[in-house]
Amino acid sequence: MFNRSAPVPAAGTSSTLPTTSRRGFGRCLGLSAAGLALAGCSAPEPSADSALDEVPADQGFVPAQDAESQAAITPDAALTLLADGNARFVAGTPARRDYGDQIRATAAAQYPFAVVLGCIDSRVPIETVFDQGIGDIFAARVAGNIVNTELLGSMEFACRLAGSKLVVVLGHTSCGAVKGAISSARLGNLTQLVQKIDPAVEAIEGERDADNAPYVDGVAEENVRMVIAEIRRESPVLATMEEEGEIRIVGGMYDVSTGVVRFL
């Protein structure tokens, strides 16, 4: 099983790939040399024993992350993996996976390369929109992609203890929680949640109306930026890891009308 530390093959790739070198395999996936290097997967020069440089012909499915592949991924490469996965999702060409094999491979341990904090919105299933499989990413979801002590602890676990290289705060267009904050919604425990988005509402100029789509989306994006600032402020663990280059903390906006993620 090859170690995946680079963007993965799109759907339609033959399950009986021809025997090829690792560099040739990268070309089969449409990877540039720069892309391979970014993903920590620079290809070796052909050796005297060419068998060592060959990928077996039966490697048609993307394997689960393992310790070696996770260790090889840099924070920048982790972001590339998510961007490439979203491109596959939008194109309708998802990578081929044997979920039974991934379940077996991750039963004893997990090695996700990123943690994504997204909204509970049913239109934004995190693993799906990034075309990731079992064991690839930690996915945390809460209305309005806000952050609290429990979520900070979860992200610290993901990065410091479980080895993830990237934190993504993922907002989206037409966000109901943002609309609730704009409308000053009050309903049980939801009241406290939407109030955490109020600073973003106040920061964006425009007609304060939940039906004003540009304003709603502007608030959603500002909320992402404020959540990132809060993560850095409230988690010295993550802030230090970012300062030392061990991880990156970035934001993104998902467009519910196109499926495209735009990283901020």
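Ligands, DNA and RNA left out, the 1.4 Å accessible surface of the range 183-244 is 46% carbon and sulfur atoms.
The convex hull defined by the C-alpha atoms of the range 107-262 has an orientation-averaged projected area of 9.5 nm². Diagonalising the gyration tensor over the Cα atoms of the range 98-167 and scaling each eigenvalue by 5 before taking the square root yields semi-axes of 21, 16, 9 Å, largest first.
What whole-number value in Å² describes the accessible area per residue of the range 154-257 for a 1.4 Å probe? Walk me through the intermediate numbers first.
On the way: 4830 Å² over 104 residues.
Value returned for the range 154-257: 46 Å² of accessible area per residue.
Is there a quick way to get the dipole size of the range 138-246? I mean about its Cα centre, with the Cβ of Lys and Arg at +1 and of Asp and Glu at -1; what is the value in debye to the nearest 20? Present the calculation step by step, with values, prior to reporting the outcome.
Numbers: 10 positive and 17 negative charges, 76 e Å.
Its charge dipole is roughly 360 debye.
The values are calculated or read from the model by the stated rules, or taken from the named source; none is laboratory data. The structure displayed is predicted, hence computed values, not measured ones. We place every Cβ from the backbone using ideal geometry, glycine too, and count neighbours over all the protein chains shown. Note: areas computed on protein heavy atoms with side chains; ligands, DNA, RNA excluded. Shrake-Rupley method; radii C 1.70, N 1.55, O 1.52, S 1.80 Å.
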